[in-house]
Amino acid sequence: MEILEHHKPEFVFLENVPNLKTHDGGKTYEIIHTTLETLYDVREDIISPHYFGIPHIVLVFILLED
């Protein structure tokens, strides 16, 4: 968070590492999400890599902040 506060990037992308949303009953994700909401308008979606021309069969959860 200190890096984001210092550099203030326009967009931030986060990839769902295994179990990010379910770790500790979802508490870890909730802390990340709530903290990011203090700096950004947070939106989340599951995006297929095929949209970007990347041949991959695994769905990736990406959290996008603006």
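Of the conditions (1) modelled with pLDDT of 85 or more; (2) assigned to a loop (DSSP other than H, G, I, E, B); (3) not small (G, A, S), V58 fails just one. Which one is it?
Only one criterion in (1) modelled with pLDDT of 85 or more; (2) assigned to a loop (DSSP other than H, G, I, E, B); (3) not small (G, A, S) is unmet by V58, namely (1).
I want to confirm something. Restricting to the range 1-38 and keeping residues that are touching an Asp or Glu at 6+ places or on another chain (Cβ under 7 Å) and surrounded by 11 or more Cβ atoms within 10 Å (Cβ to Cβ), which single residue is modelled with the lowest pLDDT?
For the range 1-38, the residue satisfying everything is V12.
The values are calculated or read from the model by the stated rules, or taken from the named source; none is laboratory data. Model, not experiment: these values are computed from the prediction. Note that we place each Cβ from the backbone using ideal geometry, even for glycine, and neighbour counts take in every protein chain shown.
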